[in-house]
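Chemist: One structure, pasted below without further comment.
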Amino acid sequence: MDWKLEVVVAPVEDVARAKEFYTGIGFAADFDEGEGDGRTVQLTPPGSGCSVVLGRQVQHGEPGSLSAQLVVEDVEAARAHLLAHGARVSPVQHFTEDGALAEGRGEGWNSFVFFTDPDGNRWSVQQRP
């Protein structure tokens, strides 16, 4: 039996503002229904099999409480894309042996950039080797 992660709920204060942010950085808007606190939006990152859902009635955490990770083939290209689309994104970083972050690429799976949405939901973008 396959178990696939299909949806992550991102707790947000303002669904319209969050949708604008995520579509602005290239997520596809798959679904948008309802109004006010009943509005639910589903978005999918480019090439992903997992979507992000925004909606006041479906969230269980406080706005900004999500921490999620995306994986890409080229972390520098992902960073350039995020910057070009208005996201505030960290430089490329890696984890040192003591767990601290240092600027620059690491080896193997150890190259990341980090960004947040307008509510403070935290995203890491990791390069796969």
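Since every read-out is calculated from the coordinates, none of them should be taken as a lab result. The structure presented is a predicted model; accordingly, all values stated were derived computationally and were not measured. Virtual Cβ from ideal backbone geometry, glycine too; neighbours counted across all protein chains shown.
Chemist: Only residues in the range 3-26 that are free of Cβ contacts under 8 Å to residues at least 60 places away in the same chain and over 16 Å from residue 68 (Cβ atoms) count as the first member; pair them with residues that are surrounded by 12 or more Cβ atoms within 10 Å (Cβ to Cβ) and among the aliphatic types (A, V, I, L, M), Cβ under 8 angstrom, at least 6 apart or cross-chain, and list the lot.
Modeler: Close Cβ pairs satisfying both conditions: 15/41; 15/54; 19/29; 19/41; 19/43; 19/54; 23/29; 23/43.
Condition check ((1) more than 11 Å from the chain's Cα centre (by Cα); (2) outside any helix (DSSP H, G or I)) across all residues:
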{"site": "8", "(1), (2)": "no, yes"}
{"site": "12", "(1), (2)": "yes, yes"}
{"site": "32", "(1), (2)": "yes, yes"}
{"site": "47", "(1), (2)": "yes, yes"}
{"site": "65", "(1), (2)": "yes, yes"}
{"site": "71", "(1), (2)": "no, yes"}
{"site": "79", "(1), (2)": "yes, no"}
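Chemist: Also: Looking only at the range 6-27, decide whether some residue is hydroxyl-bearing (Ser, Thr, Tyr) and surrounded by 17 or more Cβ atoms within 10 Å (Cβ to Cβ).
Modeler: Checking the range 6-27: at least one residue is hydroxyl-bearing (Ser, Thr, Tyr) and surrounded by 17 or more Cβ atoms within 10 Å (Cβ to Cβ).
Chemist: Could you check the range 85-100 and list, in sequence order, the residues that are exposed (fewer than 13 other Cβ atoms within 10 Å of the Cβ) and farther than 29 Å from residue 20 by Cβ?
Modeler: At the first step, the residues of the range 85-100 found to be exposed (fewer than 13 other Cβ atoms within 10 Å of the Cβ) are 86, 88, 91, 96-100.
Across the range 85-100, the qualifying residues are 96, 97, 98, 99, 100.
Chemist: Quick check on my filter: what residues within the range 96-129 are more than 13 Å from the chain's Cα centre (by Cα), among the aliphatic types (A, V, I, L, M) and outside any loop (DSSP other than H, G, I, E, B)?
Modeler: 101, 102
Chemist: Mind listing just one residue for me: the one in the range 101-122 that is of a type outside the set (Ser, Thr, Tyr) and in contact with a helix residue (DSSP H, G or I) (Cβ under 9 Å, 6 or more places away or on another chain) and, of those, nearest to residue 17 (Cα to Cα)? It would help to see each step written out before you state the result.
Modeler: Residues of the range 101-122 of a type outside the set (Ser, Thr, Tyr): 101-110, 112-115, 117-122.
Now restrict to residues that are in contact with a helix residue (DSSP H, G or I) (Cβ under 9 Å, 6 or more places away or on another chain): 105, 112-113, 115, 117-119, 121.
Working: 105: 32, 112: 26, 113: 23, 115: 16, 117: 10, 118: 8, 119: 9, 121: 13 Å.
Only one residue tops the list, namely 118.
Chemist: So which residues in the range 34-45 are more than 12 Å from the chain's Cα centre (by Cα) and either under 15 Å from residue 121 (Cβ atoms) or among the acidic types (Asp, Glu) (or both), if there are any at all?
Modeler: Within the range 34-45, 35, 37, 41 qualify.
Chemist: Next up: Scan (1) surrounded by 16 or more Cβ atoms within 10 Å (Cβ to Cβ); (2) out of contact with any helix residue (DSSP H, G or I) (no Cβ under 6 Å at 6 or more places or on another chain); (3) part of a strand (DSSP E or B); (4) touching a residue at least 40 places away in the same chain (Cβ under 8 Å) for the single condition residue 42 breaks and write down its number.
Modeler: (4)
Chemist: Starting from residues that are buried (at least 16 other Cβ atoms within 10 Å of the Cβ) and hydroxyl-bearing (Ser, Thr, Tyr), keep the ones in the range 105-129 and report whichever is farthest from residue 64 (Cα to Cα).
Modeler: Only one residue fits best here, namely 111.
Chemist: Oh, and also: Would it be correct to say that residue 68 is surrounded by fewer than 18 Cβ atoms within 10 Å (Cβ to Cβ), out of contact with any Asp or Glu (no Cβ under 9 Å at 6 or more places or on another chain), closer than 15 Å to residue 127 by Cα and free of Cβ contacts under 8 Å to residues at least 24 places away in the same chain?
Modeler: When the stated conditions are applied, residue 68 does not pass them.
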